[in-house]
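Have a look at the structure below, then the notes.
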Amino acid sequence: MSFIDSPAIVLDAVSKSYGEVRAVDEISISIGRGEFFGLLGPNGAGKTTLIEIVEGLRLPDAGTITVLGRSPAPRNLDLLPLIGVQTQRSAFFTRLTAREHLVTVAALYGLPPATAEKALDLVGLTGSGDVRVTKISGGQRQRLAIASTLVHDPEVVFLDEPTAALDPEARRDLGQMLRNLKAIGKTIVYTTHHLDEAQNLCDRVAILSAGRVLALDSPRELIARSGIGTRLVIPAGRLSPEQAGTLDGVNGVAVEDGMLVLRTAHTARVLAALDGAADLDDVETRPATLEDVYLELIGAPQA
Amino acid sequence: MSAYAALSRAVYKAAVRDATTVFFTFAFPLIFLVIFALIFRNQEVADTGRGYVDYIAPGVLSWGLANAALFGVAFTLMQWRNDDLLRIIRLSPTSIWSVIGSRYVVALGIGAAQCVLFVGVAMLPVFGMRPDPTWPLAIPIMLLAVTAFLALGLIVGSAANTPEAVAAIANCVVVPMAFLSGSFYPLELMPTWLQEVSRILPMRYVNDGLTYAFTGFGTMADYLISCAALVVFTAVFAVVGVRTFRWSNDS
């Protein structure tokens, strides 16, 4: 069964330049079947270009791309039904209802209207099927866009910032929907600026900057390897920064916004040492997050 | 349902659900037709025994056909590209010819409806148009006119990135062409050099062909030349249209 075990997507030394700008600079990534893969990075890091190359919409200057064992370019009619792509702009047919739009998209894949009904149901939009695409709310638009992506039941799904511009509740719902997709075995490649979400959802993430992969691993592994450790936040005045620096296990001390911040890789030891010096109820424990790793790698000043 | 049928339905629904499209496709040319027909009511063109309406109706019809075909496809193309719909289609197994074909069949349907409506209104007793028995010759001209202006619309739709740009470019193309092709104003009343200029405009041949079909003005040879000219214009516009075609705005 080596076919099943073979990776869903293999990028080998893929490069793409626009004039002097190296949008994608010798990127090699292998994404497994059923994997939830996140592409992270600041705007202009090359995420969208990279995804468009994988989709076959752009040709790389160098390197090879294989998606489900096939080359995405030139336009590959065997591959296209196996991939689903959500674009950043919500692409809906003009002046149609949600249901009519999905029926049209289904027909693009030669599928009957019943498939559209299933996709509508999958994203929980059955009740809004007869609403014009211009009239539906932001969260529902995003769901409809994802339904369009899934209508032909693709194996690999590309989502470009699916949770951008959503309110927290809609974002949580969509996150659950994405988890369900993973549960039914879809390979998902997505870009996002919400690092908390990426940390929760992704099996692995690649952090991109200036067309290069700065880091690639599971969020847990990236956090552990970063050595950022846990931060313990104590209201200032309970003990002096000098005192804090001498405590067992403390790696660094800082005063931020009137709070004393201790950094450590050994939370339990520091808490034990703090007991007595400060009320432990006042101590807030903040484990390192993917966002900390990201900001350290990208070079923004750390919070 | 085939992709072609589904896209045709999508285009058709988008058109009939838009009041502006319906107005400029049907009502606006009809207003011109009614105004001209009322102004020249009961007047005959010298030595022909025909009412002015027999000449006005084909002129307004040729302008209406050209206008609807060009605007319709240009808007659809610009909108579908802006909304990333072309990208969605590009990423499905559907061919671009299904997309263009679906737009084409809707444009032909709209053209046929315009012909029936405008000629029908002109034939009301109050206006009194009397088409010649050769009127079926209008059908090939209608088909060719829609085809030629649809191909021209592909170029406009690729050149323009906003609805405003589509409207501006399309109006700059159609309005002067309508005047210079004799759609509103008999060519015979224009200076000779302007009559010659009109020969490089596709709408002139639509107008000539429709006038011949409905009134017998001109000769069969002229009619055939009109058909041939429209085929040539279509070929030229189609070649340019395919070359200027873009799947998205940023590539």
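The values are calculated or read from the model by the stated rules, or taken from the named source; none is laboratory data. This structure is a prediction, so every number in the text was calculated from the model and none was measured. Ideal geometry is used to build each Cβ from the backbone, glycine not excepted, and the neighbour counts take in all protein chains shown. Ligands, DNA and RNA are excluded from the accessible area calculation, which covers all protein heavy atoms including side chains. Shrake-Rupley method; radii C 1.70, N 1.55, O 1.52, S 1.80 Å.
Identify the residue in the stretch B:139-164 that is open to solvent by less than 10 Å² (accessible area, probe 1.4 Å) and of a type in the set (Gly, Ala, Ser) and, among all such residues, is farthest from B:Ala238 (Cα to Cα). Per the stated criteria, the residue is B:Ala160.
The number of residues in the stretch B:125-142 being β-branched (Val, Ile, Thr) and more than 15 Å from the chain's Cα centre (by Cα) comes to 2.
Does B:Val116 qualify as being open to solvent by 50 Å² or more (accessible area, probe 1.4 Å), more than 14 Å from every other protein chain (Cβ to nearest Cβ) and assigned to a helix (DSSP H, G or I)? Judged against the criteria, B:Val116 is a match. Being at negative phi, facing chain A (nearest Cβ under 10 Å) and either outside any helix (DSSP H, G or I) or acidic (Asp, Glu) (or both), is that true of even one residue in the stretch B:82-89? Checking the stretch B:82-89: at least one residue is at negative phi, facing chain A (nearest Cβ under 10 Å) and either outside any helix (DSSP H, G or I) or acidic (Asp, Glu) (or both). Within the stretch A:111-123, if we keep just the residues that are touching a helix residue (DSSP H, G or I) at 6+ places or on another chain (Cβ under 8 Å) and in a helix (DSSP H, G or I), the residue that is most open to solvent (accessible area, probe 1.4 Å) turns out to be A:Leu122. Scanning the stretch A:150-165 for residues that are among the aliphatic types (A, V, I, L, M) and either buried (at least 19 other Cβ atoms within 10 Å of the Cβ) or without any contact (Cβ under 8 Å) to a residue 12 or more places away in the chain (or both) yields A:Leu150, A:Val151, A:Val156, A:Val157, A:Leu159. Scan the stretch B:240-247 and tell me whether some residue there is at pLDDT 95 or above and either over 23 Å from B:Pro131 (Cβ atoms) or open to solvent by less than 30 Å² (accessible area, probe 1.4 Å) (or both). For the stretch B:240-247, residues at pLDDT 95 or above and either over 23 Å from B:Pro131 (Cβ atoms) or open to solvent by less than 30 Å² (accessible area, probe 1.4 Å) (or both): present. Being out of contact with any helix residue (DSSP H, G or I) (no Cβ under 7 Å at 6 or more places or on another chain), over 30 Å from A:Arg286 (Cα atoms) and part of a loop (DSSP other than H, G, I, E, B) holds for only one residue in A:Thr149, A:Thr134, and it is A:Thr134. B:Ala122 falls short of the stated requirement of being modelled with pLDDT of 95 or more and under 19 Å from the mean Cα position of the chain (by Cα).
Restricting attention to the stretch B:90-113, the residues that are hydroxyl-bearing (Ser, Thr, Tyr) and away from chain A (no Cβ under 14 Å) add up to 1.
You will find that of A:Val54, A:Val21, the residue that is aliphatic (A, V, I, L, M) and buried (at least 23 other Cβ atoms within 10 Å of the Cβ) is A:Val54 and no other. May I ask you to list the residues in the stretch B:192-251 that are of a type in the set (S, T, N, Q), away from every other protein chain (no Cβ under 14 Å) and free of Cβ contacts under 8 Å to residues at least 24 places away in the same chain? Correct list: B:Thr192, B:Gln195, B:Ser198, B:Thr219. Provide a single number: the residues in the stretch A:210-236 that are within 26 Å of A:Ser17 (Cα to Cα) and of a type in the set (Gly, Ala, Ser). Total meeting the criteria: 3. When A:Ala198, A:Ala224 are checked against the criterion of being without any contact (Cβ under 8 Å) to a residue 24 or more places away in the chain and assigned to a helix (DSSP H, G or I), A:Ala224 stands alone in meeting it.
Checking the stretch A:123-130 against the condition returns no match, with no residue being within 10 Å of chain B (Cβ to nearest Cβ) and farther than 25 Å from A:Gly175 by Cβ. Listed here are the helices (runs of 4 or more DSSP H) enclosed by the stretch A:1-110 that have at least 2 residues being farther than 20 Å from B:Pro93 by Cβ, more than 14 Å from every other protein chain (Cβ to nearest Cβ) and modelled with pLDDT under 90: A:2-5. Flag: A:Leu214 does not match the condition of being open to solvent by 20 Å² or more (accessible area, probe 1.4 Å), under 30 Å from A:Leu166 (Cα atoms) and outside the structural domain of A:Ser28 (by TED's automatic domain parsing). For the stretch A:117-166, which residues satisfy the criterion of being within 28 Å of A:Pro7 (Cα to Cα), at pLDDT below 90 and polar (S, T, N, Q)? Answer for the stretch A:117-166, where residues must be within 28 Å of A:Pro7 (Cα to Cα), at pLDDT below 90 and polar (S, T, N, Q): just A:Thr163.
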